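The values are calculated or read from the model by the stated rules, or taken from the named source; none is laboratory data. Since the structure is predicted, the reported quantities are computational estimates derived from the model, not experimental observations. Cβ: placed from backbone, ideal geometry, glycine included. Neighbour counts: every protein chain shown. Keep in mind that these areas ignore ligands, DNA and RNA; they rest on the heavy atoms of the full protein, side chains included. Shrake-Rupley method; radii C 1.70, N 1.55, O 1.52, S 1.80 Å.
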Amino acid sequence: MAGGEGSRLRPLTSRRPKPLVPVVGLPVMEHILNLLREHGITEVVVTLAYLGADIRNHFGDGSDFGMSIEYVVEDSPLGTAGSVRNAAHLLDDTFLVISGDALTDFDLTWAIEEHRRRASHATIVLYSVPNPLEYGVVVTDGDGAVRRFLEKPSWGEVFSDQANTGIYVIEPRVLDYVKPAMSYDWSQDVFPQMLRRGDPLFGIVASGYWCDIGNIQSYMQANWDVLEGRVRCRIPGRRHDNNVWLGEGVEFGVDVKVDGPAYIGDEAKIKAGAFLNGPVVVDKYVIVDDNAKVSNSVIWPNSYIGENSRLRQSLVCRNVTVKNNVLLEENTVVGDECVIGAGSRVAAEVKIWPHKEVQAGSTVHESIIWAGEWKRGLFASYGLTGLINVELTPEFCSRLGAAYAATMPKGSTLAVTRDRSRSSRMIKRALIAGIVSAGGNVRDLSELPVPVTQHAIRADDFAAGVHVISSPLDQRSADIRFYDSAGVQIDKRAERKLENLFFREDIRRVAFYEMGEIDYADPLDAYRRAVLSAIDVEAVRRAQLRLLMEYDYSSASMALPEVLNALDVTGVPLHSGFGEQYKPKPPDQFRAALEEAALISRTIKAHLGMHLNPSAERVRIIDDTGTLLDVHQALAVLCVLALQRTPGPVVTPATAPHWITRVIEGLGGTHIAAKGDPASLIRSALQVDAVLAADDDGGFCWPSHLGAFDGMFTVAKVLELLALSGRTLSEVRQSLPDGVYLTRTEFCAWEAKGRVMRVLLEQHDDTLLDLADGIKVLVDGGYVLVQPDPDAPYYHVVVSVEDETQGRALLGEYAERVRAAQEVGGTPAGTSSVVDRP
């Protein structure tokens with residue numbers, strides 16, 4: 001398989017196919033061909049697409065490698081299985097599928113023998129990896145039969161650390177599942193069909209070495225692993241003392257120092273006083289001039305490193321000239337045929353695309369052109385967040401806007417909005433500049449509450465939308481929210497598409513006459529009408545309710561007061577302060593503000609008190625006695641009021657207490673547990689036409705109104721439900737059942753997370769489980785949930801039962817299981833922090 005673009009390896013793959021990227025002197029695909037020949041496989045078919053002619057020209061008919069090689073070309077992308085089906089005329093017996101751009105020394109003979117011994121139709125070679133998120137995860141039973149698998153899962157779906165390596169042993173009959181000239185994927189299309197039909201499908205766990213060379217870091221690591229003997233493969237040249245391999249015709253000047261491991265290719269010249277500080281790869285025809293120092297770096301053929309230059313953990317591609325007294329700092333990449341002028345300094349993490357020239361004496365702080373990773377991925381579990389003017393710079397945001405617009409057809413119209421902070425205004429304008437540069441039209445809706453933005457996107461038929469908001473927890477940070485045409489936060493698939501396009505850095509740039517337009521609109525009146533049309537206005541007016549409304553300087557004061565006036569609600573507003581700048585509060589101050597609002601609500605004898613967060617998405621509820629409801633009580637109270645009038649589904653995170661399930665089912669409703677991130681939760685609610693959806697932080701979504709957490713609509717809806725029920729909030733609260741709810745957080749190293757999930761799943765093979773988000777073990781009177789944190793090296797253990805003694809015993813037991821599972825394979829467990837919440 002040699003048709004991939006290798007987009008995450010750019011600029012290494014900007015002008016060469018990924019299988020030709022060299023690893024210690026040989027193209028990675030040549031290492032694979034050597035492995036195949038070692039196991040007696042000499043008939044090879046290569047699937048080609050991106051820059052396929054370069055691969056064909058390099059390897060020819062295979063005679064130089066003692067093999068017979070044929071090629072098949074995809075005119076359009078056919079997927080991992082479709083590309084193999086394209087070569088079906090050459091496959092008349094059991095065949096092996098292997099990637100031409102991964103490095104491995106697996107025992108392929110053993111894999112084929114296992115396949116035949118089990119009489120399998122398809123065998124998947126598996127490998128235990130520390131971080132399975134980027135791979136297909138496969139779960140097998142004790143005999144190796146595949147039970148389930150998932151392509152590129154989230155942490156809540158990682159039920160094993162056994163990754164799909166993309167190495168398969170296949171019988172030709174399996175290709176009957178693949179229609180000719182159509183795009184098919186092994187894991188998403190073919191293997192699921194085999195499971196449904198009961199075909200023999202096995203997974204076998206290989207030992208040895210395997211590295212998917214997917215990014216710059218893994219590429220560098222593959223070179224170090226070869227030099228340090230972690231992978232069994234051929235290194236061209238002769239081995240000398242101190243783990244140094246030398247090609248033919250290498251020249252050394254006086255006082256050269258080489259600390260291995262190191263590879264120095266044919267005809268390389270290491271001049272006087274130079275120092276190679278391993279691990280180092282200096283490929284053929286490279287010149288390292290006088291007194292240069294190369295540390296932990298890879299230099300491709302035909303490059304020149306000038307006198308007194310310093311390379312620290314750098315990658316220098318082919319035909320590069322690094323002139324005298326240059327400093328390349330950690331994790332820099334210089335593309336083919338670049339010139340770095342004398343005395344220049346290239347800062348850490350900078351990438352320079354091919355054919356660029358850096359003038360003498362320059363200091364390069366940013367990548368040229370459009371390059372560099374900001375962090376492991378753009379998105380965390382709750383969206384894209386970064387430090388203002390540090391991570392979220394104008395340059396970064398304009399690229400981000402261009403990348404988002406480039407995921408849509410030219411001429412698409414996007415809504416762009418913000419909160420009232422100055423930093424959000426800056427970020428919004430940078431995003432707009434990028435969107436316009438990529439051919440997108442922008443409707444600037446200026447400052448709005450988040451739910452109004454989402455309503456406007458859906459109501460006005462926008463292709464998508466973006467909202468910028470200052471972080472409610474840290475005024476130095478901001479969040480950027482991306483919405484689809486329905487006004488719902490984009491899902492994980494769309495996030496990955498945007499991430500890939502952003503990091504691939506070949507974003508669409510249109511001609512000047514194709515640039516997008518910018519216009520303006522005000523959707524507030526339309527939102528207010530939509531809220532009132534979904535509420536029984538006359539019932540609320542007749543009830544003559546008194547409301548304590550804590551705005552906390554949120555932008556809700558732009559829309560909600562007019563709604564409350566239309567409902568004839570006697571409102572006592574606090575901190576409406578339109579135009580004031582919200583200042584984040586630490587937890588103790590936030591709690592004090594809530595308690596102050598509760599006291600005022602009790603003093604004025606309000607029927608209801610509500611506290612809105614700055615984005616107007618989430619609320620805290622105060623009942624008629626001035627009691628502040630916790631998030632679970634608030635959810636249960638709203639379930640009671642809503643389901644008594646309209647029974648139906650209620651969607652919550654998997655972490656919702658078990659006693660809430662009893663409340664929902666007792667009223668004729670259905671409780672559906674979903675993933676906890678907002679986008680997944682709301683999409684689940686929309687799919688089942690839920691009455692209500694809620695997170696565990698005061699976010700309530702009413703799908704009949706809008707697919708979003710809308711605190712302002714929640715205020716109006718609670719007023720309506722109270723007016724129609726004739727009950728007080730305190731009466732409903734006091735009718736709720738009791739329960740025990742305990743949580744604990746256990747440290748877990750990233751590399752052990754997948755293993756923990758696998759071990760726990762194996763321990764509960766015959767147990768009743770819910771795998772909506774993590775592993776939920778159903779016990780008498782409740783559940784135990786073990787859930788990996790998607791953004792931090794932790795596991796969360798949640799216990800919800802009726803008896804406290806039982807709950808604490810289960811909490812301790814499963815925390816210990818998490819620790820013990822980490823130690824399987826030699827990884828010590830870390831320390832834990834404990835939060836018990838009754």
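Observations on the structure shown:
- Charged neighbours of ARG312, selected by a Cβ distance under 14 Å, balance to 0 (K, R count +1; D, E count -1).
- Contour excess over end-to-end distance, with Cα ends at ASP259 and ARG422 and 0.36 nm allotted per residue: 53.4 nm
- Ratio Rg/Rh [Cα only; Rh per Kirkwood] for the chain: 1.01
- Computed from label points 7 Å out along Cα-Cβ, the spacing between SER68 and SER446 is 7.5 nm.
- Folded to 0 to 90 degrees: helix 711-725 orientation relative to the chain principal axis, Cα: 40
- Over the chain, relative contact order from alpha-carbon pairs under 8 Å, at least 6 apart, %: 8
- Region 531-579-region 624-650 distance, computed between alpha-carbon centres (Å): 19
- Cα centroid separation, region 49-90 to region 739-812 (Å): 47
- Segment LYS179-ASP588, length gained on full extension (0.36 nm per residue, minus Cα span): 141.1 nm
- Whole-Å distance, taken between Cα centres, linking region 237-309 and region 406-475: 52
- Estimated from the Cβ-Cβ distance and a Förster radius of 30 angstrom, the FRET efficiency linking ASP519 and GLU391 is about 0.50.
- Among GLY198, GLY273, ILE427 - extreme Cα towards positive end, dipole of the chain, charges at beta-carbon: ILE427
- Sequence-separation-based contact order of region 49-202, relative, with Cα cut under 8 Å and 6+ spacing, percent: 30
- Helix 108-117 and the long axis of the chain differ in direction by around 60°, with both axes built from C-alpha atoms.
- Calculated mean residue ellipticity at 222 nm for the chain: -8500 deg cm²/dmol, from DSSP H runs with n ≥ 4 weighted as -39500 (n - 2.57), summed, divided by the residue count and rounded to 500.
- Cut-off 20 Å, label 7 Å out along Cα→Cβ of VAL688, residues of region 599-639 by amide N: 632-639
- Label-point gap, in nm, between ILE604 and ASP75 - each point 7 angstrom along Cα→Cβ: 7.2
- Distance (nanometres) between label positions extended 7 Å along Cα→Cβ at THR625 and THR805: 2.9
- Nearest-20 debye value, the chain charge dipole, Cβ charges on Lys, Arg, Asp, Glu: 1260
- Accessible area per residue in Å² at 1.4 Å probe, computed on the chain: 40
- Between ALA360 and ARG197, the C-beta separation translates, for a Förster distance of 60 Å, into a calculated FRET efficiency of about 0.35.
- Kirkwood radius and radius of gyration were both taken over the C-alpha atoms of region 278-435, and their ratio Rg/Rh is 1.09.
- Here the chain carries DSSP beta bridges of which approximately 45% are antiparallel, counting only pairs with both residues inside.
- Considering only VAL436, PRO449, GLY465, and ranking their Cα positions along the charge dipole of region 419-480 that arises from unit charges at the beta-carbon of Lys, Arg, Asp and Glu, the one farthest toward the positive end is VAL436.
- Cβ-based net charge around ILE457, under 10 Å, with every Lys or Arg adding one and every Asp or Glu removing one: -1
- Protection-proxy order for peptides 24-31, 42-49, each taking the mean of Cβ atoms within 10 Å per residue, highest first: 24-31, 42-49
- Relative contact order of region 312-467, defined on C-alpha pairs under 8 angstrom at six or more residues apart (%): 15
- Fully extending the segment from GLU43 to ASN296, taken as 0.36 nm per residue of separation minus the present Cα-Cα distance, adds 87.3 nm.
- Anisotropy class of region 1-146 from Cα gyration tensor, a/c 1.5 cut: prolate
- Positive dipole terminus of the chain, leading residue within ALA679, GLY666, ILE167 (C-beta point charges): ALA679
- Counting Lys and Arg as +1 and Asp and Glu as -1 over every other residue whose Cβ lies under 12 Å from the Cβ of PRO261, the net charge comes to -2.
- Carbon/sulfur fraction of accessible area - the chain, other protein chains in place, 1.4 Å, %: 46
- Separation of the alpha carbons by more than 27 angstrom is noted, of LYS18/LYS351; LYS323/LYS351; LYS497/LYS675; LYS18/LYS428; LYS179/LYS675; LYS351/LYS675, for LYS18/LYS428; LYS179/LYS675; LYS351/LYS675.
- Three-way shape call for region 450-543 based on the alpha-carbon gyration tensor, with the a/c threshold at 1.5: prolate
- Pairwise FRET efficiency - LEU769 versus ASP461, Cβ, R0 = 45 Å, nearest 0.05: 0.60
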